[in-house]
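This report refers to the structure that appears directly beneath it.
Just so you know, all these numbers are worked out from the coordinates, no wet-lab data involved. What you are looking at is a predicted structure, and each value in this text was computed from that prediction instead of being measured. Heads up, the Cβs are rebuilt from the backbone with ideal geometry, glycines too, and the neighbour counts pull from every protein chain shown.
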Amino acid sequence: MSVSDIDLIHAWKQVLTLSRLEAGQIVTVLTGADTHPQTLRCAIAAATDLGARVNRLDLPPVNAEKSISRDALAYLGATPLTGNPAAIAALNASDLVLDLMTLLFSPEQHEILQTGTKILLAIEPPEVLCRLVPTEADRARVQAAARRIEASKQMHITSAAGTDLRCELGEFPAISEYGFVDEPGRWDHWPSGFVLTWPNEGHSNGRVVLDRGDILLPMKDYVTDPIELVIENGYVTRINGGLQADILKEYMAAYEDPEAYAVSHIGWGLQPRAQWSMLAHYNKEAHIGMDARAFEGNFLWSMGPNNEAGGSRTTACHIDIPMRHCSVALDGQAVVTRGVVQDEPGLAHAARRKDSK
Ligand SMILES: O=c1ccc(O)c[nH]1
């Protein structure tokens with residue numbers, strides 16, 4: 001259902017205030033052919049009302065002919081910034097970029113962040129943005145989880161369905177996604193609320209068994225019959241199952257890139273206001289599935305790029321797989337038990353589901 005401009009402006013002002021936007025700073029709103037007009041209108045109103053100098057940079061779409069999905073996160077790497085020094089210069093000169101187009105996993109995004117520019121991605125529908133507006137409590141909880149990852153050498157994921165995956169850690173940082181950009185050079189995604197890292201290159205081994213209700217993105221399908229993925233030395237070497245396994249295999253094979261089968265980010269969901277069931281209520285092309293990536297207690301893993309973490313793999317194919325009912329342990333200590341988050345003792349989470357209704 002729709003939200004009012006006032007509600008969305010208030011949500012934008014909360015996000016921009018948490019992002020420490022100051023009067024007089026330069027904000028560039030990056031837009032494309034699929035940018036939602038209300039999101040754009042309210043972003044400009046909110047940033048202007050907070051005293052920022054607001055520009056808009058509109059870029060033509062690219063890659064459409066290459067991907068068989070219209071999901072903005074499905075085909076990654078090249079963006080309208082690729083080979084476009086004028087656009088990159090404008091973003092480098094900005095304090096804050098509101099990305100209403102999608103630069104994620106692009107080499108250019110890294111270049112821009114390294115100049116100290118902050119980038120906030122926001123392309124979910126307005127009502128999803130409002131429902132999942134971030135809070136300080138979200139940041140505290142996600143950062144606490146990131147610290148636990150940073151202190152660990154192994155993530156072990158198991159499930160009653162048969163998942164048993166071990167990922168060695170340490171080569172890459174933990175990344176906190178909590179929905180606002182409060183430090184220079186930071187990227188984040190509103191909405192979010194999850195923690196992720198990348199396994200040491202070549203050091204993920206075991207199997208993942210997708211069970212009923214697990215989710216395949218960008219397909220935005222709930223798995224109906226089990227799919228087994230065998231993982232050897234950091235790559236998915238076998239995918240066994242029924243129709244959905246065949247769809248996944250053909251989709252990935254179309255990229256003709258062996259790097260697409262590499263294990264990408266791993267982590268878990270910490271957003272109590274995100275709903276596992278959300279995909280059942282939306283047209284697939286109306287959103288990009290951030291409820292699925294962020295719902296509390298999921299195990300979110302993925303296949304494809306690792307350049308987001310500083311790696312060199314920029315494969316265009318990116319599959320995100322949020323799973324229910326998994327247990328995640330760091331060096332033997334449980335952080336999620338059968339889909340229930342085990343927060344660090346004493347970390348009360350103000351925005352917990354039961355408090356937020
Ligand atoms: O915000 C995001 C979105 C997709 C993804 O794979 C990671 N983080």
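Find out how many positive minus negative residues lie around Asn84, taking Lys and Arg as positive, Asp and Glu as negative, among other residues whose Cβ is under 12 Å from that of Asn84.
Residues close to Asn84 contribute a combined charge of -2.
At Asn200 and Asp246, where each label point lies 7 Å from the Cα along Cα→Cβ, what is the point-to-point distance in nanometres?
4.0
Tally the DSSP beta bridges in the chain and give the antiparallel ones as a percent, rounded to 5.
Approximately 75 percent, going by the DSSP bridge assignments.
Quick query: amide H of Ile231 versus all other amide H atoms, modeled in the peptide plane; which residues come in under 5 Å with a sequence gap of 5 or more or a different chain?
Those lying under 5 Å, H to H, from Ile231 are Gly206, Arg207, Val208, Thr237.
Suppose every K and R has +1 on its Cβ and every D and E has -1 on its Cβ; what is the size of the dipole of segment 106-199 about the Cα centre, in Debye to the nearest 20?
With Lys and Arg at +1 and Asp and Glu at -1, about 320 debye.
Using a 10 angstrom cutoff on alpha carbons, build the Gaussian network for the chain and name the most mobile of Leu57, Leu120, Leu73.
Leu57
Convert each backbone phi in segment 214-225 into a coupling constant with the Karplus relation 6.51 cos²θ - 1.76 cosθ + 1.60 (shift: θ = phi - 60°), then list the ³J(HN,Hα) values in order as whole Hz, x for Gly and Pro.
Here the 3J(HN,Hα) series is 5, 10, 10, 10, x, 5, 6, 10, 7, 4, 9, 10 Hz.
Dividing the alpha-carbon radius of gyration of the chain by 2.2 N^0.38 Å (N being the number of residues), what value is obtained?
It is 0.94.
Of Lys249/Lys284; Lys13/Lys284; Lys118/Lys284; Lys66/Lys220, which sit over 23 Å apart, Cα to Cα?
In this structure, Lys13/Lys284; Lys118/Lys284 lie more than 23 Å apart at Cα.
Could you tell me, in Å, what Rg and Dmax come out for the Cα atoms of segment 148-240?
15.3, 45
What's the magnitude of the charge dipole for the chain around its Cα centre, counting Lys and Arg as +1 and Asp and Glu as -1 at the beta-carbon? Answer in Debye, nearest 20.
Result for the chain is approximately 740 debye, rounded to the nearest 20.
List the relative contact order of the chain as a percent without decimals, with contacts defined as Cα pairs under 8 Å and 6+ residues apart.
Once normalised by length, the contact order is 16 percent.
For the chain, modelled as a Gaussian network with Cα springs under 10 Å, which listed residue fluctuates most, Glu127, Glu259, Glu65?
Judging by the Gaussian network model, the answer is Glu65.
What residue among Ile88, Ile266, Ile123 has the largest mean-square fluctuation in a Gaussian network model of the chain, using Cα springs under 10 Å?
Of the options given, Ile88 has the highest mean-square fluctuation.
Through the Karplus equation 6.51 cos²θ - 1.76 cosθ + 1.60, θ set to phi - 60°, convert the phi angles of segment 305-322 into ³J(HN,Hα) values in whole Hz; use x for Gly and Pro.
Along segment 305-322, the couplings run x, 9, 5, 4, 9, x, x, 9, 8, 10, 4, 6, 8, 9, 10, 9, 10, x Hz.
Report, to two decimal places, the Cα Rg of segment 236-342 normalised by 2.2 N^0.38 Å (N = number of residues).
Here the Cα radius of gyration is 1.15 times the empirical estimate.
Length gain on complete extension for the stretch Ala86 to Ser4, per 0.36 nm per residue less the alpha carbon to alpha carbon distance?
Contour length minus Cα-Cα distance gives 26.0 nm.
Pulled fully out, how much extra length does the chain show between Glu171 and Ala151, if you take 0.36 nm times their separation in residues and subtract their Cα-Cα distance?
Contour length minus the Cα-Cα distance gives 6.0 nm.
To the nearest µm²/s, what D does Stokes-Einstein give for segment 94-204 at 25 °C and 0.890 mPa s, using the Kirkwood radius over alpha carbon pairs as Rh?
In µm²/s, the coefficient rounds to 158.
At a Förster radius of 22 Å, what calculated FRET efficiency corresponds to the Cβ-Cβ distance of Glu136 and Thr48, to the nearest 0.05?
0.35
Among 146-155, 191-200, 102-111, how do they line up by average Cβ neighbours within 10 Å per residue, starting with the highest?
191-200, 102-111, 146-155
Under a point spin-label approximation (7 Å from Cα along Cα-to-Cβ), what is the Asp225-Thr115 distance to one decimal in nm?
5.2
Under 20 Å from a label point 7 Å along Cα→Cβ of Gln333: give me every residue in segment 154-177 with its amide N that close.
The answer is 154-158, 166-177.
Net charge near Gln109, counting Lys/Arg +1 and Asp/Glu -1 over other residues with Cβ under 13 Å of its Cβ?
Net charge in that neighbourhood comes out at -3.
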